[in-house]
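K.L.:
Structure below; questions to follow.
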Amino acid sequence: QVQLVESGGGLVQAGGSLRLSCAASGSIFRIHGMGWYRQPPGKQRELVAFITSGGSTNYADSVKGRFTISRDNAKNAVYLQMNSLQPEDTAVYYCNLYGPTRWPWGQGTQVTGSS
């Protein structure tokens with residue numbers, strides 16, 4: 001059973017930065033594409049960024065140029081560097097597989113951007 005543990009969220013003023021971390025256990029992490037997702041208050045969960053097993057990345061238009069996804073296969077970890085945070089980035093952030101299947105969701109980490 002894979003477990004995902006997200007961390008690094010917090011309250012940050014507009015224009016600030018945060019680095020989120022996600023640790024995965026119980027699977028061959030390096031062969032999977034991974035994504036960061038977020039769920040704003042009262043809205044559905046959405047894909048923010050993904051990184052393939054080979055290291056290629058892609059981003060939602062709303063975060064392009066501000067967020068950077070990376071991975072460390074030796075540590076079974078994926079990261080999301082978030083710069084120039086805005087109030088509209090407020091959400092619970094989750095990591096999971098990128099693709100048609102999902103591992104059980106972790107608890108997520110709350111990011112709150114204040115104006």
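The values are calculated or read from the model by the stated rules, or taken from the named source; none is laboratory data. Everything quoted here is computed from the prediction, not taken from an experiment. Heads up, the Cβs are rebuilt from the backbone with ideal geometry, glycines too, and the neighbour counts pull from every protein chain shown.
K.L.:
Out of all the residues in the stretch 90-99, which are in a strand (DSSP E or B) and either under 11 Å from GLY113 (Cα atoms) or within 10 Å of the chain's Cα centre (by Cα) (or both)? If you could, list the steps in order and put the result at the bottom.
P.N.:
First, pick out the residues of the stretch 90-99 that are in a strand (DSSP E or B): 91-97.
Of everything in the stretch 90-99, those that are in a strand (DSSP E or B) and either under 11 Å from GLY113 (Cα atoms) or within 10 Å of the chain's Cα centre (by Cα) (or both) turn out to be ALA91, VAL92, TYR93, TYR94, CYS95, ASN96.
K.L.:
Shifting gears a bit: On the given criteria, is SER70 at pLDDT below 95 and of a type in the set (Ser, Thr, Tyr)? Reasoning before the result, please.
P.N.:
Details: at pLDDT below 95: no; of a type in the set (Ser, Thr, Tyr): yes.
So SER70 fails the test.
K.L.:
Taking the stretch 100-115, which residues are farther than 17 Å from GLU88 by Cβ and not in a loop (DSSP other than H, G, I, E, B)?
P.N.:
Going through the stretch 100-115, the residues farther than 17 Å from GLU88 by Cβ turn out to be 100-109.
Correct list: THR109 only.
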